[in-house]
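Everything below concerns the one structure shown next.
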Amino acid sequence: MTAKNVAQKLIESHLISGTMSPGEEIGLKIDQTLTQDATGTMVMLELDAMGVKKVKTEVSAQYVDHNLVQNDFKNADDHIFLQTSAAKYGIWFSPPGGGVSHPVHMERFGSPGKSLLGSDSHTCAAGSMGMLAIGSGGLEVALAAIGRPFYVKMPKILGVKLTGKMPRWVSAKDIILEMLRRHNVDGGVGKIIEYYGPGVKTLTAMDRHVIANMGAELGATTSVFPSDHQTLAFLKQQKRGKDWRELVADPKASYDLHDTIDLDRLVPLIACPSSPGNVVPVKEVAGKEVFQVMIGSSANPGLRDFVVPALVLKKRKIHPRVSLDINPSSRQILENLTESGHLLLLVQAGARIHQAGCNGCIGMGQAPATEKVSLRTVPRNFPGRSGTKEDMVYLCSPETAIASALTGVITDPRDLEKKLRISYPRYKDPKKIILNMEMVYPPPKDGSSVKVIRGPNIQPLPKFDPLADKLQGPVLLKLENNISTDEISPAGSKVLPFRSNIPEISKFTFSQVDESFYKRAMHYQKSGSFIVAGSNYGQGSSREHAALAPSFLGIRSVFAKSYARIHRSNLINFGILPLIFANEADWKKIDQEDVLILEGIHETIRKGADFTVLNQTKNQKFVMKCPLTPHERSVLLEGGLINYMVKNHIA
């Protein structure tokens, strides 16, 4: 029998269609789904649009962790809509203040060997437990929830061997930052990253969560760890030891690609503005004045990520220039910090304590001052994501963050021992903790009589027309490489409340890049227009609004050098044709406002052929590729996934 790695075992056990050959489309059975409020409102509207009665997964859970600031009725209305919808469709519900979806799901539902599909790109965090956990657009999650397969191209598997043990003042965040330093934000595209080797055994389940979570920043399909004694220890701590099963690579398992990290040689690292891939040793930027430090997010959600900073601050005060913002990742974490006294240490040192949730990570409050350095343990620092357009956000470990909060400048935490005689706090996970099992509410056995409550901001999905056979229109924007979904459809307290109102949220489309975009797009809404982009277009968040809003505004096709996986799927799901330059040099020949013409679209898609595009303005032709699977062709021709599902009576 062929030796298999963990990723292959997980895929094989969930394979419905296709073969495990890299690049081939495979269909996967999904055991669990995860939605959060910034994307879950759309999932609930999509379930409604398809006439769904009840989900069919083993577990589906809806979390309220993003849109927590209630400046007016919108977010509060969304929360009620989500709670009543969850009850109607048979979905567990975690209310505001319960915590960030990923660590809470890990605490309550994470189970080795299971598959999880989530409408949040950081769903891959559950790979820390030996799960096949993948982020996707909300529509695909809605379909998985009703028992439909999830389709994805079989990734290559990158095996990363970890050796040695982390030195003092270095932690799991530095491991994933090292991966980003080596591979950048697109180095994981088309890959599953599997960590193995003796160094893995030294990492706790929550250490692994930090690493698996930010696999999304590498563009990876997902990340995978074995399920071993560390996984068992975590599940026993959560009083769910019965859910454990061992899942490890076979002794002679192989990988498509290889890398090795010697943990002994790691140093504190930091991602500089404004990309998670802009990584350097902390020493290289040490001394810059710091004005804000934020600890806590889905990327550093463990108890140790708060306890270690608390112990560093014991009987000390933060620098008077610094705002130290503490975002507990779950209500359970907050309860344990309170009971152990570590929360008191943080408060006494001058920290500001916020509710359990995503908060500043998604730009929901805690925006930094203009052009002032903010150090954060969050996963992303895309331009303007913090809520401040001219932000200067750095990503780092809790150790680097708290050292800098103490000194007022970016500080290599190892210098605390030399300059301030602060010993590195040794932390070990307690075997017994306070458990909060009551704040994730189970659905009723029969939700058919539940009335879904819709506030005035809850609007139905717009209708989408089938893809036309001829497209003609101007290029509304020409963009460079690595444009993120934050730049397409911004986050923040001003925009996020409109997640359930497509006409309103569309007004903010590309506002980070060009404030005139919405007005110009509306002029061509009916006739259609185009976007031209560089490589890795649509990186970052899984938010389908970054495809839904452009589709509503009349964007009919995107011309790019390459795409981030989730965003490309979202474009197809909402009827936007994703084309790839056959010759990247042609990108330079197109200017904003050039009028482009595509003809014979239906036949070209059916044949899987290349498109010949006419630039009418310059009287030049160029070739675009459109590699589509049979399933994607059918979806596109119908104008999107909802049209396809309704036409084929699949619900």
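What follows draws every value from the coordinates through simple rules; no lab data is involved. Keep in mind the model is a prediction, meaning the values are calculated, not measured. All Cβ positions, glycine included, derive from the backbone under ideal geometry; neighbour counts span all protein chains shown.
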Next on the checklist: Counting just the Cα atoms, what span does the stretch 480-531 cover along each of its three principal axes? Round to the nearest Å and put the largest first.
Outcome noted: 31, 28, 15
Next on the checklist: In Å, what Kirkwood hydrodynamic radius results for the stretch 30-92 from the alpha-carbon pair distances?
Outcome noted: 12.0 Å
Checklist entry - Once you sort the root eigenvalues of the Cα gyration tensor of the stretch 365-488 as a ≥ b ≥ c, which label holds: rounded (a/c under 1.5), prolate (a/b larger than b/c) or oblate (the other case)? => result oblate
Checklist outcome for this item: Computed ³J(HN,Hα) along the stretch 631-637: with the Karplus parameters 6.51/-1.76/1.60, θ = phi - 60°, integer Hz and x for glycine or proline, the list is 5, 5, 4, 4, 5, 4, 4
Checklist entry - When the Kirkwood radius is taken over all Cα pairs of the stretch 163-239, what Stokes-Einstein diffusion coefficient follows at 20 °C and 1.002 mPa s, in µm²/s? => result 165 µm²/s
Checklist entry - Cβ under 14 Å from S449's Cβ, S449 left aside: what net charge do those residues give with Lys, Arg +1 and Asp, Glu -1? => result +4
Next on the checklist: Show me, bin by bin at 5 Å from 0, the whole-percent P(r) of the stretch 471-647 based on Cα pairs.
Outcome noted: 1, 9, 18, 23, 22, 16, 7, 3, 1, 0
Item to check | Listed peptides 598-606, 108-116 by packing density, highest first (mean Cβ within 10 Å) | outcome: 108-116, 598-606
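Within a Cβ distance under 9 Å of I458, other residues only, what is the Lys/Arg minus Asp/Glu net charge? Could you put the intermediate results ahead of the total?
Working: positive: R454; negative: D77, D78.
Charge balance near I458 sits at -1.
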Checklist entry - Seen from all sides and averaged, what is the projected area of the convex hull of the Cα atoms in the stretch 269-420, in nm²? => result 7.7 nm²
Checklist outcome for this item: Using alpha-carbon positions, the gyration tensor of the stretch 96-169 gives root eigenvalues a ≥ b ≥ c; with a/c under 1.5 called rounded, otherwise prolate if a/b exceeds b/c, else oblate, the class is oblate
Checklist entry - How big is the stretch 434-566 in terms of Cα radius of gyration and Dmax, in angstroms? => result 18.1, 61
Checklist entry - Expressed as a whole number of Å, what is the distance separating the alpha-carbon centroids of the stretch 275-305 and the stretch 431-477? => result 32 Å
Checklist outcome for this item: Rounded to whole angstroms and listed largest first, the alpha-carbon spread of the stretch 341-437 along its three principal axes comes to 43, 42, 23
Checklist entry - At q = 0.19 Å⁻¹, what base-10 log of I(q)/I(0) does the Debye formula yield for the stretch 18-60 when every alpha carbon is treated as an equal point scatterer in vacuo? => result -0.76
Checklist outcome for this item: Dividing the surface of the Cα convex hull of the chain by four yields a projected area in nm² of 26.8 nm²
Checklist entry - Just the C-alpha atoms of the stretch 579-651: what Rg/Rh do they give, with Rh taken as the Kirkwood radius? => result 1.08
Checklist entry - If you bin the C-alpha pair distances of the stretch 309-370 every 10 Å from 0, what whole percents do you get? => result 22, 49, 27, 2
Checklist entry - Given H placed 1.01 Å from N in the peptide plane, which residues other than close sequence neighbours of Y563 have an amide H under 5 Å from its amide H? => result N536, Y537
Checklist entry - What is the set of long-range amide H partners of E25 at a cut-off below 5 Å, with H atoms built 1.01 Å from backbone N? => result M154
Next on the checklist: How large is the convex hull of the C-alpha atoms of the stretch 6-265 per residue, in Å³?
Outcome noted: 131 Å³
Checklist entry - How large is ³J(HN,Hα), in whole Hz, for each residue of the stretch 355-368 in order, when computed from phi with the Karplus curve 6.51 cos²θ - 1.76 cosθ + 1.60 and θ = phi - 60°, using x for Gly and Pro? => result 5, 5, x, 6, 6, x, 4, 9, x, 9, x, 6, 5, x
Next on the checklist: So, R0 is 30 Å and r is the distance between the beta-carbons of A468 and S21; what FRET efficiency does that work out to, to 0.05?
Outcome noted: 0.30
Checklist entry - Quick one: in the stretch 1-160, what % of C-alpha pairs are over 18 Å apart? => result 57 percent
Checklist entry - Going by how many other beta carbons lie within 10 Å of each one, how would you line up T629, T204, fewest first? => result T629, T204
Next on the checklist: Taking amide H atoms as placed 1.01 Å from N in the peptide plane, list the residues 5 or more away in sequence, or in a different chain, whose amide H sits under 5 Å from that of E194.
Outcome noted: L158, G159, V160, V224
Next on the checklist: Could you derive backbone 3J(HN,Hα) for the stretch 39-52 from the dihedral phi with the Karplus parameters 6.51, -1.76 and 1.60 (θ = phi - 60°), listing whole Hz in sequence and x where the residue is Gly or Pro?
Outcome noted: 10, x, 4, 5, 4, 5, 5, 5, 4, 5, 5, 8, x, 6
Next on the checklist: Need one number: nm distance between label points at K317 and K618, each 7 Å from Cα along Cα→Cβ, rounded to one decimal.
Outcome noted: 6.2 nm
Checklist entry - Taking only the alpha-carbon positions of the stretch 98-239 and ignoring solvent, what does the Debye formula give for the base-10 log of I(q)/I(0) at q = 0.21 Å⁻¹? => result -1.36
